[in-house]
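The values are calculated or read from the model by the stated rules, or taken from the named source; none is laboratory data. What you are looking at is a predicted structure, and each value in this text was computed from that prediction instead of being measured. Ideal geometry is used to build each Cβ from the backbone, glycine not excepted, and the neighbour counts take in all protein chains shown.
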Amino acid sequence: MRYKEDFEYIDKIKAGNKQAFGFLVEKYKDMVYSITLKILKNPDDAKDVAQESFIKAFEKVDTFKKEAKFSTWLYTLTYRRALYFRRLNKIESRELIQPEIEKEQTDFESPIKRLNSSDQKKYIKKAIDSLPETEGLLVILYYLDENSVKEISEITGLTKSHIKVKLFRARKTLKKKLNNLLQADINTIL
């Protein structure tokens, strides 16, 4: 089992070893922050909610059942806390600052394939940032964190078919946005 290591740390935490939770924080901190940032669109608020999510996860670790991946459980908790925070504070949309993308997006490669890795990440980040909130979050969860559609459904509460449709639309939109961004930069240079 790929996530056996998470379960071992959870068992240690449940047995009273509080330091074992540090491993899980270190492993999932970037993705938890990405989720909160995508929803809240403010780095300071995202950091606060990410931290609160880990605190809540630590407090509720006894309720975690090993029927699903720990990451799915943690992302669900994070997603709900971020939505709750946004509702409470009625946050206005602000510029999204997305963490760097860790892997190449093969679905969107056509013209971007000719760029070096750093430039590819820059353009993909801009394109994801310009997506509507839900689509951007789904792209992050599916492509960057490699969650299954079922896991994303558990995290967001959206149906599997709805997620598939939104991911399909997001891929088409991302391809267009990437082409437009590249073309705009080419025109600026010329």
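Structure values in brief
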{"quantity": "Unmet criterion (only one of (1) polar (S, T, N, Q); (2) closer than 20 Å to Ile152 by Cα; (3) modelled with pLDDT of 85 or more) for Asn42", "calculated": "(2)"}
{"quantity": "Qualifying residue in the range 83-92 (condition: modelled with pLDDT of 65 or more, over 16 Å from Tyr28 (Cα atoms) and touching a Ser or Thr at 6+ places or on another chain (Cβ under 7 Å))", "calculated": "no"}
{"quantity": "Test result for Tyr75, under 20 Å from Ala170 (Cβ atoms), at pLDDT 85 or above and not aliphatic (A, V, I, L, M)", "calculated": "yes"}
{"quantity": "Hits in the range 24-42 (condition: in a helix (DSSP H, G or I) and in contact with a Lys or Arg (Cβ under 9 Å, 6 or more places away or on another chain))", "calculated": "Tyr33, Thr36, Leu37, Ile39, Leu40"}
